[in-house]
Amino acid sequence: MPLIDDSEWKQSFFKENFSVDNSLSKYTQKSDLETLRRDLKNYGAELQQQMTEILRNETEAIVNLAEYLTNLSSKIEHLSLPFFQLREEIMALHKLINTTEASYKLMLNNLKDNNTNHNNLNLKLGVIACSLYIDKMLKSSADSFEDLIILDRIVGKYSFQKNYMDELNIVSSDLRDIMVNVENNLLEIVNRKFLEAIKNSNEEVVTRCLRLYDNLKKQKEAQETYRIRIVKPYFQKLLTEKSLERYNQDLEKLYNEVSYFIDVEMKILLDVLEKNADLKSYNFVLHSLWREFDKQSREGLPLITAPGNPELFQKRFKSTWKILSVIAEKSHNKSLLKDDSTFQDHIKRFNLPVYFEIRYQKIASDFETAIFVDNNEFYATKNDISCNLKLTLALWVAISQCFHPDVYLDQLADQFIKLSMLLLSRYLRWFESIVKSNFSTNSSKEKFIMDLLVDLNIVEKFMCPVTSTPVDTHSTIYKILDNSIVSLVPSISKINKQSIEAVQSTLKANLVKMKVDEMCNHLQHVGAIPRLYRRTNRSTPKEPSTYMIEAIKPVTNFLELFHNVIHDKSTEILNEVILQVTEQYLKLVQGVLRSVCKTEESLRRLKSRNVASSEDSSHHSDTGSDEMKIREQIKLDVAYFLQKLYPLGSEASRNTMDQLKKEI
């Protein structure tokens, strides 16, 4: 079938994914190339014919369209001039409208400004008239405001007018001068009434005067008036070197007068402010009393800090801090001591770092002096804490000084706590070095270590108190600490205890080694038992060896000397000594018994050969008897060892002793 009639084949040429290779491959599957050439030629002729028809049919329409478009363009060109004229007319109209609108707005603004100026002028005239009336009334009736009712009304009216003018921001320079003059006259009268009320302790008048100040927005004027007229004269006489001399240089007594002034002289003011919440903008303690106190203290008492006298420095600092705390509390803001720069500057008059350095040098130097003693001068005489060694007593004295009321300051709490920990560390390191040094005898070293362990228990009690609540510190060296840092005491105790326990472990290890070495030197003689009974014709033993009796003595002597002194520590040391000695003695006994067993085995082999003479047989019999004596002696020694040490041993050492018992 000829493919030229196949519409699908013809449409394939117009597809976007048309491929010559695919089309040829598909075509040749059904026909040959000659047929394809002929069909393509026919299809090409058909397409050419269709194109010719299209051109012949559409040319006339295209020509007509071009003619129509040309005519349209000509007509549009004729319309452009009218359009330009319309545009110019519209723009002129828009400009006229904008000009008219701007002119209208300007006219309205002028009218508004004129009305405002007219109103302001009327208001100013009213204020001026009111101010002049008030001024005239004040001048003519300055002494007639006994009940303050008229004065209260005058202040109210003036305050209203002034606030109104300030709100509108229309106060001119000439009007301001008039108002300032009236205001000054009002303040003069209010100040006089206020001071009279303070002097007469008239609480009602004081309250009304404070409200008058408040209406005038002159709270600072009230506080400044009180500072200059009441506080300043009092403090100028009080805060002087002459006054301090009158109190025998006791700053605490001088500051008691300041407290008296607050509690008595300022009582009426403080009561009024407490009863009237609407007057909370006043703070006479802070803005009147404190400012004048700070100023007069600096001017009248420039040498208050006594920098060369640490005792007086500490006493005066505590007195100053106390009065500043009272002022801050009366100001209803305890954080002033930390947050207010004026309070901080006043406190900085006292150079706390220098004070601590002086105390540090004194305490540390005294302690270091106590360290350098000869070996024969270690021991202390009878003392309050019942310690054995001089250095322990020196540590107690140094720590007590750190937290003594006449030395310690809350503001240096961290420094004094750190110093106490440094003293403890120095104390412990020194004893570690002494233990490593040579002693004349082991007994003297043993006694020194045990006395030191006793002292460490005492040190642990006062340096590491058990405190679960702040109340628990009241009976400790930390009782002087402020409540804000008492919570740190458990952490401090924990650190100190770790340091002490580390040294205790070292001391116990030294003592255990000494005792173990001493006992094992005697127990080594168990290896000599076979030599004592082989071919010596010695009788069968009935008593433990002398070496065993001597080996047990270090334990019994230690128990006798120290068990009642430091029961817990001595028991712990004994348990460790007994455990180590038992383990080593077990190894020694096992070695001797193995040697005896080997000897017996050799004798049995010799006997089985039947080559020995009767003399030899007799000798073998004697040897067998010797081995029995050796075993018997070891058995007696072990029994004595167990008899003396088993009741004293721990569970671990008893298990080892049970194993030793099985060996025999």
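Table: residues versus (1) in the same structural domain as residue 589 (by TED's automatic domain parsing); (2) within 29 Å of residue 335 (Cβ to Cβ); (3) at pLDDT 85 or above.
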{"position": "441", "(1), (2), (3)": "no, no, no"}
{"position": "455", "(1), (2), (3)": "no, no, yes"}
{"position": "466", "(1), (2), (3)": "no, no, no"}
{"position": "478", "(1), (2), (3)": "no, yes, yes"}
{"position": "499", "(1), (2), (3)": "no, no, yes"}
{"position": "509", "(1), (2), (3)": "no, no, yes"}
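Every residue, every condition in (1) loosely packed, with under 10 Cβ neighbours inside 10 Å; (2) modelled with pLDDT of 80 or more, yes or no:
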position: 6; (1), (2): no, no
position: 18; (1), (2): no, no
position: 31; (1), (2): no, no
position: 46; (1), (2): no, yes
position: 79; (1), (2): yes, no
position: 99; (1), (2): no, yes
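Evaluation of residue 294 against the conditions (1) farther than 16 Å from residue 321 by Cα; (2) surrounded by 14 or more Cβ atoms within 10 Å (Cβ to Cβ); (3) not aliphatic (A, V, I, L, M) shows that the sole unmet condition is (1). Considering segment 158-178, and only residues there that are surrounded by 15 or more Cβ atoms within 10 Å (Cβ to Cβ) and modelled with pLDDT of 70 or more, the residue that is nearest to residue 218 (Cα to Cα) turns out to be 159. Taking the criterion of being closer than 21 Å to residue 233 by Cβ, surrounded by fewer than 20 Cβ atoms within 10 Å (Cβ to Cβ) and among the small types (Gly, Ala, Ser), the only residue of segment 297-308 that qualifies is 300. Restricting attention to segment 258-290, the residues being within 21 Å of residue 236 (Cβ to Cβ) and either crowded, with 17+ Cβ neighbours inside 10 Å or of a type in the set (Phe, Trp, Tyr) (or both) number 13.
Within segment 556-572, residues that are at negative phi and part of a helix (DSSP H, G or I) have Cβ atoms under 9 Å from residues that are at pLDDT below 70 and not small (Gly, Ala, Ser) in these pairs: 562/569; 570/563; 570/564; 571/563, counting only partners at least 6 apart in sequence or on another chain. Taking first residues from segment 481-508 that are in contact (Cβ under 8 Å) with a residue 24 or more places away in the chain and among the charged types (D, E, K, R) and partners that are surrounded by 14 or more Cβ atoms within 10 Å (Cβ to Cβ) and part of a loop (DSSP other than H, G, I, E, B), the Cβ contacts under 8 Å between residues at least 6 apart in sequence or on separate chains come to 494/464; 497/464. For residue 414, the criteria (1) more than 31 Å from the chain's Cα centre (by Cα); (2) within 25 Å of residue 313 (Cα to Cα); (3) surrounded by fewer than 20 Cβ atoms within 10 Å (Cβ to Cβ) hold in every case but one, which is (1).
Within segment 634-660, being surrounded by fewer than 17 Cβ atoms within 10 Å (Cβ to Cβ) and more than 12 Å from residue 585 (Cβ to Cβ) holds for 635, 639, 643, 646, 647, 650, 651, 652, 655, 658. Quick one: is residue 372 farther than 30 Å from residue 516 by Cα and in contact with a Ser or Thr (Cβ under 8 Å, 6 or more places away or on another chain)? Criteria not met by residue 372. Among the residues making up segment 230-254, those that are surrounded by 14 or more Cβ atoms within 10 Å (Cβ to Cβ) and closer than 16 Å to residue 292 by Cβ are 230, 231, 232, 234, 235, 236, 238, 239, 240, 243, 254. The helices (runs of 4 or more DSSP H) located wholly in segment 291-361 that include 1 or more residues which are under 30 Å from residue 418 (Cα atoms) occupy 310-330, 336-339, 341-347. Among the residues of segment 541-558, how many are surrounded by fewer than 19 Cβ atoms within 10 Å (Cβ to Cβ) and closer than 22 Å to residue 574 by Cβ? So the answer is 6. Got at least one residue in segment 400-408 being surrounded by 17 or more Cβ atoms within 10 Å (Cβ to Cβ), in contact (Cβ under 8 Å) with a residue 12 or more places away in the chain and touching a strand residue (DSSP E or B) at 6+ places or on another chain (Cβ under 6 Å)? Looking for residues that are surrounded by 17 or more Cβ atoms within 10 Å (Cβ to Cβ), in contact (Cβ under 8 Å) with a residue 12 or more places away in the chain and touching a strand residue (DSSP E or B) at 6+ places or on another chain (Cβ under 6 Å), one finds none in segment 400-408, hence no. Summed over segment 367-399, the residues that are hydroxyl-bearing (Ser, Thr, Tyr) and in contact (Cβ under 8 Å) with a residue 12 or more places away in the chain give a count of 3. Taken together, the residues in segment 522-540 that are crowded, with 18+ Cβ neighbours inside 10 Å and among the β-branched types (Val, Ile, Thr) amount to 2. The C-beta contact set for segment 185-198 (first residue within 11 Å of residue 222 (Cβ to Cβ), second residue in a helix (DSSP H, G or I) and hydroxyl-bearing (Ser, Thr, Tyr), distance under 8 angstrom, 6+ apart or interchain) comprises 190/213; 191/225; 194/213; 194/225; 194/226; 195/225; 198/226.
The values are calculated or read from the model by the stated rules, or taken from the named source; none is laboratory data. On a predicted model such as this, the values are computed, not experimentally measured, just so you know. Glycine also receives a Cβ, built like all others from the backbone with ideal geometry; neighbour counts cover every protein chain displayed.
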